[in-house]
Amino acid sequence: MNVVCLGPYGTFSHEMAMKVYEGDILLLPTIGDVFATAIDQGCPGIVPVENSDAGAVGPVMDCLREYPVFITGEGYLNIRHHLAAKNPAGPISVIYAHPQAHDQCRRVLETLGAEIIHTSSNSASARMAAQSVDAAAVTTSAAALSEGLTIVQEDIQNVHTNITRFIRIERSPGPAVTSGKCSFIIDPREDRPGLLYEILGIFYSLSLNLTRIESRPSKRDIGNYVFFIDVAVGEGLDCALSRLRSMAEVKHLGCYGLMEEK
């Protein structure tokens, strides 16, 4: 295999992988499987990390913290969600949707009056909808075609400028880059006034541009968080990392640029 990503056939992760790899693509059922296989087999994995409308992809954020991986590249994909059904002329009583797809299409879905059932992927949504004449799926055009569904309504995403950012994960860091981003997970392991201000102040004092900050539960206690930070590559990063490590636990996920498309 050359690369692993979330499957089955027709997911946006699969589409992103096909844009940047010409070799074999192994499609796996869960995000955790992608991370585990990338570690065990020493191959790259492609996972979605954030969406312009729905925000961070929680399972990916958690796996970045849990698994010993590095980010070695990023890429962007325009996202188009469609409503598809086996019987497009009939009533729809249930709609299958991945949680992220549900969130990204909630404005249309809320008007349909159907039960929403969450699935593991857009392809799984199409497969489950194909089993019933009164079901529909929020899915991709490729997955709808693969499962023999008819698209009932195109582009049901909340906004038409819907973009997902993907990252490539590997068990070893990538080569040094002169432009792009560096990613960190910062765990202060304490809660006190001014803590986040001090952390962000390190980047400000070194004129480093933060491109993203995201908080996630530490899973130790309610109200206790870790911070995911992306910063533009620039002089002073080594100094910032040293100062951060003097006040918090830091996982350096690597510095990287855009993945080259084939």
For the chain, the Kirkwood Rh over every pair of distinct alpha carbons, in Å, works out to 19.6 Å
Between Ile39 and Val133, the two model label points (7 Å from Cα along the beta-carbon direction) sit apart by a distance in nm of 4.8 nm
Helix 195-205 sits off the longest principal axis of the Cα atoms of the chain, rounded to the nearest 10 on a 0 to 90 degree scale, by 70 degrees
Taking R0 as 45 Å and r as the Cβ-Cβ distance between Asn209 and Ile116, the FRET efficiency 1/(1 + (r/R0)^6), rounded to the nearest 0.05, comes to 0.70
Interchain or sequence-distant (5+) residues whose placed amide H lies within less than 5 Å of the amide H of His81 are Asp155, Ile156, Gln157
Any residue on another chain or 5+ positions along whose placed amide H is under 5 Å from the amide H of Ile117 is listed here as Ile95, Tyr96, Ala97
Length gained, Lys251-Ser179, 0.36 nm per residue minus C-alpha separation, equals 23.9 nm
The extension gain from Ile163 to Asp191, computed as 0.36 nm times the residue separation minus the Cα-Cα distance, is 6.7 nm
Diffing region 10-21: the Karplus 3J(HN,Hα) column from phi (6.51, -1.76, 1.60, θ = phi - 60°), in whole Hz with x for Gly and Pro, holds x, 6, 5, 4, 4, 4, 5, 4, 5, 6, 10, 9
Any lysines whose Cα falls less than 27 Å from that of Lys251, other than same-chain ones fewer than 8 residues away, would be Lys181, Lys219
Expected sort for 61-69, 111-119, 91-99 on mean C-beta neighbours within 10 Å, highest first, is 91-99, 61-69, 111-119
Highest mean packing first, using Cβ neighbours within 10 angstrom, the peptides 42-51, 20-29, 120-129 sort as 120-129, 42-51, 20-29
Once amide hydrogens are built 1.01 Å from N within the peptide plane, the residues lying 5 or more places from Val226 or on another chain with amide H under 5 Å from its amide H are Arg216, Ser218
FRET efficiency for Asp238 and Lys19 from the Cβ-Cβ distance with R0 = 35 Å, rounded to 0.05, comes out at 0.60
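Taken together, the values in this text are just the output of simple stated rules run on the coordinates, not laboratory data. Everything numeric here is computed off the predicted structure, so don't read it as measured data. In this analysis, Cβ positions are derived from the backbone assuming ideal geometry, glycine residues included, and neighbour counts consider all displayed protein chains.
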